[in-house]
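Written below as structure tokens is the structure these notes are about.
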Amino acid sequence: MTHRLSKLILLLCAALCGRSLMAQPMNLRQCMDYAVAHSAKMRLCAADRSDELAAYRQSFLDAFTPSVGAQSYAYNQYGRNLDPETNTYTDFTTFHNGYSLSGSITLFEGFQALGKIRLAYLQRQKGLSHEQQCADQVRIAVMEAYYQLLYYRQLAEVLRHSCATADSALTKVRREEELGRKGYADVVRMESELAERQYQLADAEGRRDQALLQLQEALCWPSDRRLIIADEPEELEPLATPTSPIELPAVQIARAELREAEIGVRQARAAWSPTLSLGAGWSTTYYTYPNLPEYTPLPFAQQWRANGGQYIQLTLNIPLYSRGTRSLALRKSQNQRHRAQVRLEQALREDTNALRRAAIDVKSAEASALKAQRMAEVGQQAFALSRRQFELGLISAIEYQTASQTFLKAQAESLNAQLQLRLKRHLLRYRQTGIL
């Protein structure tokens, strides 16, 4: 009984610890790592990598190992046929049962086997680059959803505080109306201000829930678990200036495709070369006359040894004319190489332009964030002054409402500018170093 109780307590503690761990807030780095580990796209990429590894191993087997096969057959031969004992034609029914074992290996085919090995290796390397590209796409999607959720969450907090301020102002206006200092029109305008803030808060909370759902979809998060993210994003390391150009996966894939096309051209030219192959085999047969009762065949084991034979053959195949198929294959491979070269140049150009665009975006986002922050600070001071003036009766409710809307807009723009700056810095660092 004591053992069962202690075991139950341990299980309960483990469950509580696991739930507490699941409830811990996740920062941006943890979200991206979780998405890469659980993404369906990454699982499909892992299956593709397994296929490419198997194809790479198979290319070695095809190049350096022979093909071996065994065969067995049995048949009855009716009518006029050749007697295996006398080598003359007879009308007896003959039963044949044969066995054979053969193998062959290609000795030379214009080094096409080595080309297949190189091609399989390049396809494997291209697959690794494609997997990295998929991981980067998953991380960027998570990053955008993460910052969008942060924006609407913090915007909802700002609007919640604004609703509290508007409600407090409405309470004061109603009290001053009772004292005769304010009119009914001021009360109505303050009620309108509070209703507008409550509507904006409800809309922001709805968008926040949609952003949370979008982040959960990007993370492949289980529906029965609660996702909690950190309120403040992690600090970025200083942007490093790369000493040499960084090739992102898109450029690596384009370069691998060019190398594949070059190997394809060499393979097409190698198809013109002779093919030399070596083969060897062994075979034996057993026969009898089932319709001749007086005939006694030799035992199976004796016929197995007596009828056995071996052969070794060396085959040289020289291609002379194939209706232009080899010329067509060579022309297509050359065109494929040209297309791969154009795609590589385009990928390099797009990568360079994307790096420049990311640098411009960061510079613009830094200026926008600085000005938006300054605008929010000034708007806060102006709103505090307008609020004091409204309490003293120096400005109307319309002027107070305008100042409140201006301050709220400045806060939203400042918040959005700060988060956009972080996102742009992440993307610039990715373009510079290949690291997210």
| query | Label ALA230 and THR402 with points 7 Å out from Cα along Cα→Cβ: what is the distance between them in nm? | reply | 4.3
| task | Would you mind calculating the gained length between THR325 and LEU179 on full extension (0.36 nm times residue separation, minus the Cα-Cα distance), in nm to one decimal? | result | 42.5 nm
| remark: Listing HIS161, HIS426 by rising number of other beta-carbon atoms within 10 angstrom, fewest first, gives HIS161, HIS426
| Given the Cα-Cα distance of ALA301 and ASP167 and 0.36 nm per residue of separation, how much length would full extension add, in nm? | 37.6 nm
| note | Here the percent of antiparallel bridges among DSSP beta bridges lying wholly in the chain, to the nearest 5, is 95
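Hey, which of these cross-link pairs are over 30 Å Cα-Cα: LYS172/LYS409; LYS126/LYS363; LYS126/LYS332; LYS172/LYS371? If you can, show how the numbers build up before the last one.
Numbers: LYS172/LYS409 24 Å; LYS126/LYS363 34 Å; LYS126/LYS332 22 Å; LYS172/LYS371 34 Å.
Table pairs above 30 Å Cα-Cα are LYS126/LYS363; LYS172/LYS371.
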| Among (i) 26, 61, 14, 0; (ii) 24, 53, 22, 2; (iii) 16, 28, 24, 17, 10, 4, 1, which is the computed P(r) over Cα pairs in 20 Å bins from 0, in percent? | (iii)
| note | Counted neighbours (other Cβ, 10 Å), sorted fewest up, put ASP203, ASP231 in the order ASP231, ASP203
| remark: Here P(r) for segment 29-73, Cα-Cα distances in 10 Å bins, as whole percents, is 22, 25, 22, 16, 10, 4, 1
| note | The size of the Cβ-based charge dipole (Lys, Arg +1; Asp, Glu -1) of the chain about the Cα centre, to the nearest 20 debye, is 840
| task | Starting from the exponent 0.38 and prefactor 2.2 Å, build the expected Rg for segment 23-159 from its residue count and divide its actual Cα Rg by it. | result | 2.22
| request: Would you work out the relative contact order for the chain, in percent, from Cα pairs under 8 angstrom that are 6 or more residues apart? | output: 22
| Modelled FRET efficiency - R0 25 Å, ALA270 with LYS332, Cβ distances, 0.05 increments | 0.95
| task | For the chain, find the longest principal axis of its Cα atoms and tell me its angle to the long axis of helix 40-64, 0 to 90°, nearest 10. | result | 30
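Would you calculate, for the chain, the mean residue ellipticity at 222 nm contributed by helices, counting each DSSP H stretch of 4 or more residues as -39,500 (n - 2.57) and dividing by all residues, to the nearest 500?
Values: 9 runs with 293 residues, N = 436.
Helix-only estimate at 222 nm: -24500 deg cm²/dmol.
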| query | If you line up the long axis of helix 2-22 against the longest principal axis of the chain, both from Cα atoms, how many degrees apart are they, to the nearest 10? | reply | 70
| request: Subtract the Cα-Cα distance of TYR75 and LEU394 from 0.36 nm times their separation in residues, and report this length gain in nm to one decimal. | output: 103.3 nm
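If you build the Cα gyration tensor of segment 323-436 and take the root of 5 times each eigenvalue, what three semi-axes come out, in whole angstrom, biggest first?
Values: eigenvalues 703, 40, 13 Å².
The three semi-axes for segment 323-436 are 59, 14, 8 Å.
Every number in this text was worked out from the coordinates using simple rules, so none of it is lab data. Just so it is clear, the model here is predicted, and its values are computed rather than measured. Ideal geometry is used to build each Cβ from the backbone, glycine not excepted, and the neighbour counts take in all protein chains shown.
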